[in-house]
Each structure stands twice: as C-alpha cells, then as structure tokens.
C-alpha cells in the first residue's frame, strides 16, 4: 500500500475525478442533484476533516474491506466483516456476512442465481419484442409470460391478440416509450425489465433475476 495525501488542486492525481464519479453515482441512486468537477472541488475544499470521530473509524473499516475486495480471488466470505460501532458508549462489534441465498430455475437446476445476479442482453442492436422472447427460449429454455418496465406492462400472455401483433415487431426501447409514455435520457444506454417465466420443459412457473437490456451505444 502507498498512502495518498488528498490534494484537490492537483488534477494529475485524479482525486477530484474519483470523488466526482463516486458521489454522482450515489446521487443518481438516491435522486440527489449531481455536481460537476468544479463544484465537487469547491465542496471538498470546505470540508473539515473528521479526526477522532465515529466517521473516521467507519471510513477506516470501509477501506479495509475495500482492500479485501481488491484481493477477491484469494479471499473467502469468512474473511469479510460487518462492523457495528458507537464511540459514545463505547461499543464495537464484528460479524461475518452470509452468502446470498441461491435460487434455481429449471427441472435440473440449470439456472442458478442470487439477488446480485441479472440477465445481461447486449445483442449489438435494439432487438424487437419477438426477438426478445425468442432469445430467452433459445438461450435459457424459458418461456417469458410477462415483461414489465417500472409500472408499465410491456407484454403478457393475456394481452389481446391484436395488441400483441402490433407490439411484436417493435424494438424494445420503442415499446418502452410507447407504453410508459416516457423518454429515455440522452446518454442512457440501458433499461431494466422484470420478467415472469415458465420453464419450457416442465411448464412450471420459475423465479428469475431482472434483465438489464442495452438498447443504445453499440
């Protein structure tokens, strides 16, 4: 390890670039207003460092866990720790995380996944609804019975035949916009879908992860 002294005015060390990227990722997750590099530099210059506080302790513990993630290939789940601390008591406690529960789909358990997994679809173009359904049948042996995006149902087995016929040739991104009545952001390249499926071999309902679909930026 090589200690790095934070310096906001040195653009060659990429400290502000990293902070801008990380803080904007968090802002996007929590619907907080994002900040550009200049504003981030101004905010960072006004922050008083937390020395002997719970914040400093938590930061140190988080950094230790990040170093373990950098050595992920040599680490077991038992090597990681959840920490609970309160310096006002004082109280510090550690516990080991447990592995995410695995779920299986298919008669022979051919598809195994956890809540951290997803289907990634990147076909190099914006495929149609008909191709989307065929993709899951051919690659995963799954019959998709429903597709939703947010609160909008894009496809379902009980949709009337006329509407299904109209939607089948539509590219997925166009289908999302037509049904949800919302536009994609200019730089957005992915959208997510929740799907319900039946196993093609057994015709049983199976639980599957969500879908991250690339429709732009090929």
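The values are calculated or read from the model by the stated rules, or taken from the named source; none is laboratory data. Owing to the predicted nature of the structure, the values given are computational and were not obtained by experimental measurement. Cβ: placed from backbone, ideal geometry, glycine included. Neighbour counts: every protein chain shown.
Any idea which of 151, 144 is crowded, with 16+ Cβ neighbours inside 10 Å and either under 16 Å from residue 193 (Cα atoms) or in contact (Cβ under 8 Å) with a residue 24 or more places away in the chain (or both)?
Testing whether each residue is crowded, with 16+ Cβ neighbours inside 10 Å and either under 16 Å from residue 193 (Cα atoms) or in contact (Cβ under 8 Å) with a residue 24 or more places away in the chain (or both) leaves just 144.
Scan region 1-53 residue by residue and report those that are surrounded by 13 or more Cβ atoms within 10 Å (Cβ to Cβ), part of a loop (DSSP other than H, G, I, E, B) and either in contact (Cβ under 8 Å) with a residue 24 or more places away in the chain or not assigned by TED's automatic domain parsing to the domain that holds residue 87 (or both).
Result: 8, single match.
Which residue out of 188, 182, 174 is in a loop (DSSP other than H, G, I, E, B) and either surrounded by 15 or more Cβ atoms within 10 Å (Cβ to Cβ) or touching a helix residue (DSSP H, G or I) at 6+ places or on another chain (Cβ under 9 Å) (or both)?
182
Looking at region 66-81, can you tell me whether even one residue there is part of a loop (DSSP other than H, G, I, E, B), touching a strand residue (DSSP E or B) at 6+ places or on another chain (Cβ under 9 Å), surrounded by 10 or more Cβ atoms within 10 Å (Cβ to Cβ) and at pLDDT 90 or above?
Scanning region 66-81, I find at least one residue that is part of a loop (DSSP other than H, G, I, E, B), touching a strand residue (DSSP E or B) at 6+ places or on another chain (Cβ under 9 Å), surrounded by 10 or more Cβ atoms within 10 Å (Cβ to Cβ) and at pLDDT 90 or above, so the answer is yes.
Filter region 129-171 down to the residues that are in a loop (DSSP other than H, G, I, E, B) and under 22 Å from the mean Cα position of the chain (by Cα), then identify the one that is farthest from residue 112 (Cα to Cα).
Per the stated criteria, the residue is 151.
Looking at the structure I just gave you, is residue 56 under 30 Å from residue 89 (Cα atoms) and surrounded by 10 or more Cβ atoms within 10 Å (Cβ to Cβ)?
When the stated conditions are applied, residue 56 passes them.
Mind checking which residues of region 82-104 are outside any loop (DSSP other than H, G, I, E, B) and closer than 19 Å to residue 117 by Cα?
Result: 103, 104.
Taking residue 126 and the conditions (1) loosely packed, with under 14 Cβ neighbours inside 10 Å; (2) in a loop (DSSP other than H, G, I, E, B); (3) modelled with pLDDT of 95 or more, which numbered condition does it fall short on, given that it satisfies the others?
(1)
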